[in-house]
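Okay, so here's the structure we're looking at.
Any read-out appearing in this document is the output of simple, stated calculations on the displayed coordinates, not a laboratory observation. Quick caveat, the model's predicted, so the values are computed rather than measured. Note: ideal-geometry Cβ built from the backbone for every residue, glycine included; neighbour counts use all protein chains shown.
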Amino acid sequence: MRRYVIGYPVRDGKVLLIHKKRGLGRGLYNGVGGKVEEGESPEEAIEREAMEEIGIEVLRKEWVAKLYFYDHYGTAMEVDVFLIKEWKGEPKESDEAKPEWFPMDNLPYDRMWEDDRVWLWRVLRGERLKATFHFNDIWGKYETPRMLKCEVQHLE
Ligand code: 6OG
């Protein structure tokens with residue numbers, strides 16, 4: 001199973017999303033993130049991606065969720081989600097991502113992955129979750145990506 005990470009810098013009731021310029025989810029808003037490389041931990045991967053995509057050095061982060069994604073064409077992804085609580089540097093645009101702040105209670109869900117409206121507000125409120133999402137075609141190769149089924153479990 002392919003491993004990925006997503007991280008959300010949070011401060012003063014706001015979340016920093018990126019408008020993604022390329023790769024999976026191009027054109028959508030998401031957290032910073034990407035693939036976990038060979039020999040890397042998810043913790044290391046989120047630090048690397050935050051630096052590569054928006055130029056911040058992560059000083060404190062919290063693991064909040066494990067997400068599994070499947071589709072009809074064999075995609076299987078395991079994603080670790082972090083809230084980034086402290087960092088050094090001003091988030092800046094790169095050729096991959098344009099950072100933008102949003103109030104936590106007013107996220108642009110209509111321009112995000114369909115699963116986000118199911119789980120993101122819950123982790124922003126302090127919950128830890130494990131969730132599984134089934135899509136038709138995540139890469140959008142044959143069909144417009146649609147979420148078909150979801151299961152969310154609250155972790156103590
Ligand atoms: P790169 O192309 O940047 O990695 N990702 C998803 N995030 C959400 N919320 N929902 C999905 O539903 C996703 N599928 C992928 C994982 C892709 C980035 O996009 C995330 C990575 O952070 C299907 O290397």
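So the values come out like this:
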{"read-out": "Selection status of Lys98, closer than 25 Å to Asp12 by Cβ, in contact with a Leu (Cβ under 9 Å, 6 or more places away or on another chain) and in a strand (DSSP E or B)", "value": "no"}
{"read-out": "Restricting region 112-134 to residues that are touching a residue at least 24 places away in the same chain (Cβ under 8 Å) and over 15 Å from Asn30 (Cβ atoms), the residue that is surrounded by the most Cβ atoms within 10 Å (Cβ to Cβ)", "value": "Ala131"}
{"read-out": "Contacts under 7 angstrom Cβ, first residue in region 83-111 being acidic (Asp, Glu), partner surrounded by 17 or more Cβ atoms within 10 Å (Cβ to Cβ) and not in a strand (DSSP E or B), 6 or more apart", "value": "Glu96/Glu53"}
{"read-out": "Contacts under 7 angstrom Cβ, first residue in region 54-65 being among the charged types (D, E, K, R), partner part of a helix (DSSP H, G or I), 6 or more apart", "value": "Glu57/Met51; Lys61/Ile46"}
{"read-out": "Region 79-101, residues that are within 17 Å of Val123 (Cα to Cα) and either in contact with a Phe, Trp or Tyr (Cβ under 8 Å, 6 or more places away or on another chain) or within 13 Å of the ligand (Cβ to nearest atom) (or both)", "value": "Val79, Asp80, Val81, Phe82, Leu83, Ile84"}
{"read-out": "In region 10-45, the residues that are surrounded by 16 or more Cβ atoms within 10 Å (Cβ to Cβ), over 11 Å from Phe102 (Cα atoms) and within 10 Å of the ligand (Cβ to nearest atom)", "value": "Lys20, Leu24, Gly25, Leu28, Asn30, Gly31, Val32, Gly33, Gly34, Val36, Ala45"}
